[in-house]
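**Q** Take this structure first; my questions come after.
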Amino acid sequence: MSATALRASVILRAALGALLTIHGVYRVYDGGVTGFGGFLDAQQVPLGPAVAWLVTIVEIVGGPALLLGFLVRPLCAWFAVELTMGILLVHASDGWFVVGGGRNGMEYSVLLVICFIVTALLDTARRESKSV
């Protein structure tokens, strides 16, 4: 992997880690974990409040871990699945656009899912180039 590609992957990974950390921290700060758990219960997710706390804790702990380059592929998989579930449970019914042509749509989440997939692939490429 070239030095430029490595720098680009670090920037992307750091941005994603920061975004998810902020998301989890704000949910705690705003008292939103309880509401999130209630929403999950209403969606028939077993143990909705516990799942809400698990998701929040993984964001708060996993975001910095991702930013620092730890557990990159498992965290990317976790966050891609988490965001995909958000698309299915929340955003898809509001259409594509977050703003402009609509409100609360799925475009931002789709972009993040793609970024997590790319980050996992870049981490794989980095590991493969080290083994050569």
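**Q** Leaving ligands and nucleic acids out of the surface, order ILE117, ILE60 by accessible area at 1.4 Å, largest first. Could you put the intermediate results ahead of the total?
**A** Details: ILE117 90, ILE60 55 Å².
Largest accessible area first, the residues go ILE117, ILE60.
**Q** Select one label from [x] 15.1; [y] 16.0; [z] 15.7: the one whose number is Kirkwood radius over Cα pairs in Å as derived from the coordinates shown.
**A** Matching entry in [x] 15.1; [y] 16.0; [z] 15.7: [z].
**Q** Among residues other than THR56 whose Cβ falls under 14 Å from its Cβ, what is the net charge (Lys/Arg +1, Asp/Glu -1)?
**A** -2
**Q** Could you work out the local net charge near LEU89, counting Lys and Arg as +1, Asp and Glu as -1, over the other residues with Cβ closer than 15 Å to its Cβ?
**A** Local charge sum for LEU89: -3.
**Q** Tell me the angle of helix 107-131 to the major Cα principal axis of the chain, expressed in degrees between 0 and 90 and rounded to the nearest ten.
**A** 30
**Q** Then there is this: Accessible area per residue of the stretch 22-124 at 1.4 Å probe, in Å²?
**A** Values: 5930 Å² over 103 residues.
With the other protein chains kept in place, the stretch 22-124 gives 58 Å² per residue.
**Q** Okay, next question. Carbon and sulfur atoms: what percent of the 1.4 Å accessible area of the stretch 31-79 do they account for? Could you put the intermediate results ahead of the total?
**A** Details: 2040 of 2610 Å².
Carbon and sulfur atoms account for 78 percent of the accessible area of the stretch 31-79.
**Q** Also: Calculated from DSSP H runs of 4 or more alone, at -39500 (n - 2.57) each and per residue, what is the 222 nm mean residue ellipticity of the chain, nearest 500?
**A** After summing the helix terms and dividing by residue count, I get -26000 deg cm²/dmol.
The values are calculated or read from the model by the stated rules, or taken from the named source; none is laboratory data. This is a predicted model, so every value here is computed, not measured. Note: ideal-geometry Cβ built from the backbone for every residue, glycine included; neighbour counts use all protein chains shown. Side chains included, ligands, DNA and RNA excluded: accessible areas come from the protein's heavy atoms. Shrake-Rupley method; radii C 1.70, N 1.55, O 1.52, S 1.80 Å.
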